[in-house]
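> Just passing along the structure, written as structure tokens.
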Amino acid sequence: MPHTCVLILLDGLGDRAHEQLGNRTPLQVAHTPCLDRLAQRGATGLYHAGKLGQPLPSEDAHFAMFGSPRDEFPGRGALEALGADIPLDENDVAVLTHFAHVRATETGALRLAQDRVSGTPEAVASLFNAIRHFEQDGITITVTQTAGMFGVLTLRGDVSPHITDSNPMVDGRFLSAVRPLHTHATDPAAIRTAQVLTAYLRRAYHILNAAPLNATRIENGQPPINGLVTQRAGRLRPHMSMRDRYGLRGLSVASGTMYKGLAKYLGMDFHKVDNSDAPGKDYAHRVAFASSMLETHDFIHVHTKTPDQAGHSKNPENKVKVIEALDQGLADSIEPLLANEDVLICVTADHSTPSCGTLIHSGEPVPLMFIGNGVRRDTVRQFDEIQVAGGALGMARGDELMHLILNYLDRARLGGIHDSPLPQEFWPGDHEPFTLE
């Protein structure tokens, strides 16, 4: 039986049917001889990391795919901080933030005029420096730039992550007031955190709005970079590593900061890769690297963000081209994995990214397949959202993906067997030897 699982993760691969594509999805339309050939060698089905119809961001979806329970999820802010190597103590709160163009109304409310703005690296660095630190009521806030206009706020003191976002994520809407979540409406820490973060964001607006840089931008017909918006507060939580829960030595091959943070959080190794304008070649290199790491790891996550990015462009034809490029990249690199009897291949996505409409991500399930020794072979001949619905895997959800992987690796624990006091899902588990003394 296989010893190592290679997870081919095509981020945002799933989509909706589009009239300009003959009421088909980009994956249905794309010419994907490699993915179709793989589908003919294994079991297929559908997958959703949460509930059907529930759109998930990549961090939530990956956390479920990697088999960790929701109550151990630290929040995107904390994962981003870990990935950016920002020191984070167990009581700190990390919040995602980025610059935006906002407009003040007569009532003093701020409206999001433009969620995405750009500036020179030197200009952006100067704006981050201008709002670097803030302190009030025993709480300190520090902003750290992570990439371009984006950064992480680190809140220290008697703070809470149970607060709302200020970013409405839709141009033209008012920024959201920062408030405690309803579950923590009377929690003094959440109330204080919301108040201090509000004061910081107000101060940041005034500093940015008065910056000479923005006066120059206005003179040049550019929107001022005068607002800071926040979302996805998080804090580190007690949790189990992938090795302790599933007995797997994990490796993530990806380009994003969040994936580095997630790998660090779950005790996985991380190999950072760069993106070029040739997604197929990029992915071929990543798959080839995974093939070289089979001796040291038994779970390898090989990630590409390009289908998701193509979906965000709201251009279905563009997503078709990206999918076809990735299929070619797989064709150029998958053979060593297919020829290795010790390898289980899993191909899927974390969520659907619609190439039309206003949703960022959507709640449709994504295609899933497994290829390897012992895996049942069904009659599906095409790898797309419709054909795989009739496959042998049926509909898998949440951490069932990791349980399927353990099953195909012959590491699944028989129900009711307890060879370890820990909640380990793999077998044989880690246990102390029985002794006569």
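> Which of GLY391, GLY75, GLY138 moves the most in a Gaussian network model of the chain with Cα springs under 10 Å?
Judging by the Gaussian network model, the answer is GLY138.
> Here's a follow-up. With a 1.4 Å probe and every protein chain kept in, tell me what percent of the accessible surface of the stretch 243-320 is carbon plus sulfur. Intermediate values should be presented prior to the final figure.
On the way: 1470 of 3020 Å².
In the stretch 243-320, the share of accessible area belonging to carbon and sulfur is 49 percent.
> Pairs to check: LYS260/LYS305; LYS264/LYS305; LYS272/LYS321; LYS264/LYS321; LYS260/LYS321. Give those whose C-alpha atoms are more than 23 Å from each other in this structure. Let's see the in-between values first.
On the way: LYS260/LYS305 14 Å; LYS264/LYS305 19 Å; LYS272/LYS321 25 Å; LYS264/LYS321 33 Å; LYS260/LYS321 28 Å.
From the list (LYS260/LYS305; LYS264/LYS305; LYS272/LYS321; LYS264/LYS321; LYS260/LYS321), the Cα-Cα distance tops 23 Å for LYS272/LYS321; LYS264/LYS321; LYS260/LYS321.
> Add -39500 (n - 2.57) for each DSSP H run of 4 or more in the chain, then divide by its residues: what number comes out at 222 nm, to the nearest 500 deg cm²/dmol?
Values: 14 runs with 130 residues, N = 437.
So the helix-based figure for the chain works out to -8500 deg cm²/dmol.
> While we're on this one: Separation of the stretch 370-397 and the stretch 256-332 by C-alpha centroid, Å?
One Cα centre to the other: 22 Å.
> With Rg and Dmax of the Cα atoms in Å defined as stated, name the option among (i) 21.7, 76; (ii) 23.3, 84; (iii) 23.3, 72 computed from the structure displayed.
Here the calculated entry is (ii).
> If you don't mind, another one. How much length is gained on full extension from VAL170 to LEU359, taking 0.36 nm per residue of separation minus their Cα-Cα distance?
Details: separation 189, 0.36 × 189 = 68.04 nm, distance 1.03 nm.
Using 0.36 nm per residue and subtracting the Cα-Cα distance, I get 67.0 nm.
> Note the angle between two axes, namely the Cα long axis of helix 316-331 and the longest principal axis of the Cα atoms of the chain, as a number of degrees from 0 to 90, rounded to the nearest 10.
It works out to around 50 degrees.
> Have a look at PRO69, PRO365, PRO121 and tell me which one the Gaussian network model of the chain (Cα, springs below 10 Å) gives the largest fluctuation.
Answer for the Gaussian network model of the chain: PRO121.
> Same structure again: Could you work out how far helix 188-209 tilts from the main Cα principal axis of the chain, as a 0 to 90 degree angle to the nearest 10?
Between helix and principal axis, roughly 70 degrees.
> Ordered by residue, what ³J(HN,Hα) values in Hz, to whole numbers, does the stretch 432-437 give under the Karplus form 6.51 cos²θ - 1.76 cosθ + 1.60, where θ = phi - 60° and Gly and Pro are x?
Values per residue, Gly and Pro as x: 7, x, 6, 10, 7, 10 Hz.
> Among LEU344, LEU79, LEU110, which one shows the biggest mean-square fluctuation in a GNM of the chain, springs joining Cα atoms closer than 10 Å?
LEU110
> Could I ask something else about it? State the antiparallel share, in %, of DSSP beta bridges confined to the chain, rounding to the nearest 5.
60 percent
> Run the dipole for the chain about the Cα centre, Lys and Arg Cβ at +1, Asp and Glu Cβ at -1, nothing else charged, and hand back the magnitude in debye, nearest 20. Don't skip to the end; give the middle numbers.
On the way: 39 positive and 51 negative charges, 233 e Å.
In debye, rounded to 20, the chain gives about 1120.
> Now for a different question. Suppose all protein chains stay in the model; what accessible area per residue would a 1.4 Å probe give for the chain, in Å²?
On the way: 19470 Å² over 437 residues.
It amounts to 45 Å² per residue over the chain.
> Still on this model: Within the stretch 329-386, which trypsin sites (Lys or Arg not before Pro) sit in a loop by DSSP and count at most 12 neighbouring Cβ atoms inside 10 Å? Provide the component values of the computation, followed by the final result.
Numbers: sites: ARG376, ARG377, ARG381; in loops: ARG376, ARG377, ARG381.
For trypsin sites (Lys or Arg not before Pro) across the stretch 329-386 that sit outside H, G, I, E and B with at most 12 neighbouring Cβ atoms in 10 Å, the list reads ARG376, ARG381.
> Also, I was wondering about something else. Each residue of the stretch 369-385 in order: what ³J(HN,Hα) in whole Hz does its phi give by Karplus 6.51 cos²θ - 1.76 cosθ + 1.60, θ = phi - 60°, with x for Gly and Pro?
8, 10, 10, x, 4, x, 6, 4, 10, 9, 9, 6, 10, 9, 9, 8, 4
> Please list the radius of gyration and Dmax for the stretch 28-143, considering alpha-carbon atoms only, with Å as the unit.
Taking only Cα atoms of the stretch 28-143, I get Rg and Dmax of 21.3, 64 Å.
> Give me the angle, in degrees from 0 to 90, between the Cα long axis of helix 279-291 and the longest principal axis of the Cα atoms of the chain, rounded to the nearest 10.
60 degrees
The values are calculated or read from the model by the stated rules, or taken from the named source; none is laboratory data. Nothing here was measured: the structure is a model prediction, and the numbers come from that model. All Cβ positions, even for glycine, are placed from backbone atoms using ideal geometry, and neighbour counts span all protein chains on display. With ligands, DNA and RNA removed, areas are computed over all heavy atoms of the protein, side chains included. Shrake-Rupley method; radii C 1.70, N 1.55, O 1.52, S 1.80 Å.
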